[in-house]
Amino acid sequence: DNEQSVPQLLIRDLKLEKPLAKLMFSPDQENHPSKAPVKYGELIVLGYNGSLPNGDRGRRKSRFALFKRPKANGVKPSTVHIACTPQAAKAISNKDQHSISYTLSRAQTVVVEYTHDSSTDMFQIGRSTESPIDFVVTDTVPGSQSNADTQSVQSTISRFACRIICERSPPFTARIYAAGFDSSKNIFLGEKAAKWKTSDGQMDGLTTNGVLVMHPRNGFTEDSKPGVWREISVCGNVFSLRETRSAQQRGKMVENESNQLQDGSLIDLCGATLLWRTAEGLARTPTVKHLEALRQEINAARPQCPVGFNTLAFPSMKRKDVVDEKQPWVYLNCGHVHGYHNWGNKEERDGKDRECPMCRSVGPYVPLWLGCEAGFYVDAGPPTHAFSPCGHVCSEKTTAYWSQIPLPHGTHTFHAACPFCAHQLAGEQGYIRLIFQGPLD
């Protein structure tokens, strides 16, 4: 029962922990490491703290792992046909063969056929629940606790939004392309979509709301800095952003950048943003076990409410939506951590702003929640800082990184948001250092 010895023991164990990657395989794979499938990486949807509000089900979940397929299913462009009538174009686009149709006018359609590529695996992402989609993504509503909050929104995510092609041999390079093939193995760019002939006579185009990508500088580490948002075309070329998401005019081609995903690349589908983590990157990331050890370490230090002198404790990761009576609360202007109390609730301040009993600074007063999605952490540091105004807690370097990232919002604005709940950040920095009071004994 000696609580004091618990955190030291946990931290010491963590230092000796078996390679972190082992924790990510299912138990049966752990016994037969040779049979473990090759993992290319994982896509994690921003705004969900470890799982979807109503639970992860099938292809609809908050994170999706891309594993090497038993049999390659990649495709690459082959024959180009120029058809004079839509009927001719339909005839060319064979149901058993992948193709991309570019409608230039009522009188002309270019159909590019794609053939099987035994050296790559293809994964498709979009809003559609049809079978060609591997990972079903719906619009993220900031801070929503249930799917009921999200259903009323008219979706801006494309049904077949994008595809990721991974090399089946090392270094397992992953590349992203706008648009995915539908149930009849076709990508159809209508008359209104931006499209053009390239210098080498090939066709290329952009999807209605576009697929944007940002590669961070210095990888996904504690030294990461935001990169520049770009748009990716149907053929995987890189362009500067259009004036608004669906403008007819494409941006300028960026010759010296590629569609190759890096650890920490962000993919925006206009309604949801995904973080790409490589298998190597995930092996260096704290595990849920590590975050749980940090939670227990904070709780074992028995922080106290400076007003009620009651001991505070972060609730377990499973209870991450219900406010607990021992839950720590914070004054967002100063960072002083308290238990919940009615002190300083001035009527004329409409109940939102409160006066901190420690330092008298006035500002929002919110419960603190641990950030449970380990993939968003840039380091394994202790949970010392909280995003403002949502109160999600993680390491200092992680709050500093995400507060600098301009995430696409709507059709032409960008703002920094908490990766755990997608709430727009507020205040000068967007986060605050937490000041806990230790036990008085």
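The values are calculated or read from the model by the stated rules, or taken from the named source; none is laboratory data. These figures come from a predicted structure and were not determined experimentally. Methodologically, a virtual Cβ is constructed for each residue, glycine included, from the backbone with ideal geometry; neighbour enumeration extends over all protein chains shown. The protein model used for the area step is the full one, side chains on, heavy atoms only, and it has no ligands, DNA or RNA in it. Shrake-Rupley method; radii C 1.70, N 1.55, O 1.52, S 1.80 Å.
Descriptive notes on the structure:
- Every helix of 4 or more DSSP H residues in the chain counts as -39500 (n - 2.57), and over all residues that averages to -3000 deg cm²/dmol at 222 nm.
- Averaging the sequence gap over all C-alpha pairs within less than 8 Å and six or more residues apart, then dividing by the number of residues, gives region 288-433 a relative contact order of 17 percent.
- The Cα-based radius of gyration and maximum Cα-Cα distance (Dmax) for region 375-435 are 11.2, 39 Å.
- Since only 317, 402, 358 are under comparison, the one whose Cα sits farthest along the positive direction of the charge dipole of region 288-433, derived from C-beta charges on Lys, Arg, Asp and Glu, is 317.
- With Cα atoms, 0 to 90° folded angle of helix 288-300 axis to the chain main axis: 20
- Cα shape, region 288-433, gyration tensor, a/c 1.5 rule: oblate
- Solvent-accessible area of the chain (1.4 angstrom probe, protein heavy atoms only): carbon and sulfur portion equals 51 percent.
- The angle separating the long axis of helix 5-15 from the principal Cα axis of greatest extent in the chain is about 30 degrees.
- Dipole magnitude for the chain: computed about the Cα centre from +1 point charges on Lys and Arg Cβ and -1 point charges on Asp and Glu Cβ, it is near 1060 debye.
- Kirkwood hydrodynamic radius (C-alpha pairs) into Stokes-Einstein, the chain, 4 °C and 1.567 mPa s, D in µm²/s: 54
- Nonlocal amide H pairs with residue 370, under 5 Å, H built at 1.01 Å: 393
- Relative contact order of the chain, pairs being alpha-carbon contacts under 8 Å that are 6 or more residues apart, as %: 14
- Of interest is the spacing of the C-alpha centroids, which for region 364-424 and region 254-291 amounts to 16 Å.
- Once backbone amide H atoms are built at 1.01 Å from N, residue 336 has 331, 435 as its partners under 5 Å, excluding neighbours fewer than 5 places away on the same chain.
- Total formal charge among the other residues, if their Cβ is under 11 angstrom from that of residue 203, Lys/Arg +1 and Asp/Glu -1: 0
- Longest DSSP-loop-exposure-free segment, GluC sites (Glu not before Pro), the chain, at most 12 other Cβ within 10 Å: 4-190
- Taking Cα centre as origin and charging only the Cβ of basic (Lys, Arg, +1) and acidic (Asp, Glu, -1) residues, the dipole magnitude of region 288-433 rounds to 240 debye.
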